[in-house]
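Working notes, structure below.
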Amino acid sequence: MSRIGKLPIAIPAGVSVTQKDGVVTVKGPKGELSQKIDSSIKMKEEDGHLVFEIDENSPVNVKQKQAFHGLYRSLINNMVVGVSEGFKKHMELVGVGYRVSNQGNLIEFALGYTHPIFIQLPPEVKVETKSERNQNPQIILESCDKQLLGLICAKIRSFRMPEPYKGKGILFKGEVIRRKSGKSASAK
């Protein structure tokens, strides 16, 4: 049995969870999310908590059932937290001349390339950009879907990965890059 899979999920007020044909739908004040669940996992609602159990009669391998147990519990927990509280990611652009601006869900980056980079975000994600004097430009992304938010952050980060020599790139707020020393001059 999975240690994570055994943990019950508390359902906060204002959140409803329904299951139909192997698809779990979670509705809350921040939005609505759905996830398909494998048939080897059973979900039950008991006095305000969701409990996940392994179906012993399913033909799936035992190790796979255990893996699914923890996986689906985590996915549904992220959905419940997302529709009730939401998720937020703070990113900053470190580098001379790096700029970011947005118009609605269209973000424009100036990252030292010959052309600006544009990215259109899905409507589920809210974006805010900040450019203050003597501070690095910041991007604040907010969504109820943790997976989608992670994918978008990874895509934005791929435009300028943080590099270890000068520490430039797109970083998460508070992230520390391990710095390397460059080539040392040869002594003659």
- [ ] Considering (1) over 30 Å from GLU32 (Cβ atoms); (2) open to solvent by less than 40 Å² (accessible area, probe 1.4 Å), say which one LEU149 fails and leave the rest.
- [x] (1)
Task: Conditions (1) surrounded by 17 or more Cβ atoms within 10 Å (Cβ to Cβ); (2) aliphatic (A, V, I, L, M); (3) within 30 Å of ILE41 (Cβ to Cβ); number of the one not met by ILE170 - done: (3)
Open item on the list: Restricting to segment 141-188, name every residue that is hydrophobic (A, V, I, L, M, F, W, C) and without any contact (Cβ under 8 Å) to a residue 24 or more places away in the chain.
Closed with: LEU151, ALA154, MET161, VAL176, ILE177, ALA185, ALA187
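Every residue, every condition in (1) among the hydrophobic types (A, V, I, L, M, F, W, C); (2) in a strand (DSSP E or B); (3) at positive phi; (4) over 14 Å from the mean Cα position of the chain (by Cα), yes or no:
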position	(1), (2), (3), (4)
GLU132	no, no, no, yes
GLU142	no, yes, no, no
LEU149	yes, no, no, no
ALA154	yes, no, no, no
GLU163	no, no, no, yes
ILE170	yes, yes, no, yes
GLY174	no, no, yes, yes
ARG179	no, no, no, yes
Task: Test result for LEU141, within 25 Å of SER74 (Cα to Cα), hydrophobic (A, V, I, L, M, F, W, C) and open to solvent by 60 Å² or more (accessible area, probe 1.4 Å) - done: no
Task: Residues within segment 1-32 that are β-branched (Val, Ile, Thr) and assigned to a loop (DSSP other than H, G, I, E, B), tallied - done: 2
Open item on the list: Among the residues in segment 125-134, are any under 12 Å from LEU93 (Cβ atoms), modelled with pLDDT under 95, in contact with a Lys or Arg (Cβ under 7 Å, 6 or more places away or on another chain) and open to solvent by less than 60 Å² (accessible area, probe 1.4 Å)?
Closed with: no
- [ ] Among residues belonging to segment 11-32 that are open to solvent by less than 90 Å² (accessible area, probe 1.4 Å) and in contact (Cβ under 8 Å) with a residue 60 or more places away in the chain, point out the one that is nearest to ASN61 (Cα to Cα).
- [x] VAL17
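The values are calculated or read from the model by the stated rules, or taken from the named source; none is laboratory data. Values in this document were obtained by computation on a predicted structure and should not be read as measured data. Don't worry about glycine lacking a Cβ; one is built from the backbone with ideal geometry, like all the others, and counts go over all protein chains shown. Just the protein is used for accessible areas: all its heavy atoms, side chains included, with ligands, DNA and RNA removed. Shrake-Rupley method; radii C 1.70, N 1.55, O 1.52, S 1.80 Å.
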